[in-house]
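Following: one structure in structure tokens, then a few remarks.
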Ligand code: NAD
Ligand code: DAU
């Protein structure tokens, strides 16, 4: 199978490329990534010279380029992860979120339609459902009530992908996953940011009262679910993915401080995120029952291993925070 992975140099994308090379070694992966601030080709340096991983720097919105790549590599399926992904950035500047997540996705769908791609996996998010009260969990039937420009743009792209199924008969599967954590996450997101700040003895900024709840899933469990959804999901269906690990933000921040041996006096409550969703929780019954997926890691074990990875891979996040990671593409690829 030849698969076009978009956003393969981001957090989930680079974990997915590693997962696929290990667990689907026969597949050829064409990794299309624009290398925005969130794309780090260095994450995949182990695949230099690997004929089964072809990196192409480019925009998902460049339909001509995408169609050319699909023809050149005889692409069978698309795993679409490329996106602007950070809620706080979408509040500061929504435009690029609409450009990439909505228009970019539509162009990618159009290229896939014109090339007769056999399956299109749309990687969406639980944020399309908006916020929950203290009880209950999102099912695939929950109303779509996105709150932020990020989640509104993801909801739009999720629905455009489903419209390509209903209208044009394209084979589209949509997944909606909860918060991921693990190695290679850009240190603007809660867990890596808190680890990095704690290691620098800098304040840990907790939004509002710290009681917002997220449902956490290890990124490798997400990659396993995406692979199953690609292989076994039914066309036109949506699958929720979640780890059943609801935690308040403040509980996570305290756990991180304890794991790195730093005092809770570093916690600093700051102004809340505008429109901050209170609680997310996923009901993953459908993907468990229909595709046989289940998460393999507990949150406590996964968090401890993840924190250890950031402690032991200081050079990775120092190169990210200093901007040095951008030089890798210049030296390894641009010169060719
Ligand atoms: P990320 O920000 O770490 O990575 C995004 C990647 O997309 C980067 O490599 C970036 O360079 C690339 N990209 C951005 N714009 C592009 C464009 N126009 N053309 C080509 N490439 C482009 O994001 P992530 O956290 O790895 O999330 C990946 C996907 O999973 C996103 O679609 C996100 O909405 C979804 N998702 C994320 C989570 C999570 O917790 N991180 C949970 C559910 C769903
Ligand atoms: O639910 C899935 C979504 O999870 C994905 O679709 C998004 O791409 C991904 O970024 C993530 O969104 P969140 O907004 O939930 O993640 P973030 O790490 O930004 O924040 C997690 C929680 O922690 C949230 O309640 C806000 C809070 N927070 C975050 C930061 C960065 C803080 O309290 N302080 C912070 O400095």
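Considering only 99, 225, 77, the Gaussian network model of the chain with Cα springs below 10 Å gives its largest mean-square fluctuation to 99.
Please figure out what share of the DSSP beta bridges in the chain is antiparallel and state it in percent, rounded to the nearest 5. So the antiparallel bridges in the chain amount to around 10 percent. Hey, how many Å between the Cα centroid of the stretch 110-158 and the Cα centroid of the stretch 36-81? So the separation of the two Cα centres works out to 23 Å.
What fraction, in whole percent, of alpha-carbon pairs in the stretch 1-116 exceed 16 Å separation? So the pairs more than 16 Å apart make up 57 percent of the total in the stretch 1-116.
Divided by 2.2 N^0.38 Å, where N counts the residues, the Cα radius of gyration of the stretch 279-336 comes to 1.82.
Between the stretch 274-297 and the stretch 230-256, what is the C-alpha centre distance in whole Å? One Cα centre to the other: 4 Å.
Packing around the peptides 260-273, 243-256, 195-208, taken as the average count of other Cβ atoms within 10 Å per residue, puts them in this order, highest first: 243-256, 195-208, 260-273.
Using C-alpha pairs below 8 Å separated by at least 6 residues, the relative contact order for the chain is 18 percent. A simple packing score, the average count of other Cβ atoms within 10 Å per residue, orders the peptides 55-68, 209-222, 303-316 as 209-222, 55-68, 303-316, with the highest score first. Per residue, the convex hull spanned by the Cα atoms of the chain amounts to 126 cubic angstrom.
The long axis of helix 11-23 is offset from the longest Cα principal axis of the chain by roughly 60 degrees. Any chance you could give the angle, 0 to 90 degrees and rounded to 10, that helix 190-199 forms with the longest Cα principal axis of the chain? Helix 190-199 sits at roughly 50 degrees to that axis. By how many degrees, 0 to 90 and rounded to 10, does the Cα axis of helix 299-312 deviate from the longest principal axis of the chain? Between helix and principal axis, roughly 90 degrees.
A short reminder: the numbers here are calculations on the coordinates, not readings from a lab. Keep in mind it's a predicted model, so treat the numbers as computed, not measured. FYI the Cβ positions are ideal-geometry reconstructions off the backbone, even for glycines, and counts take in every protein chain you see.
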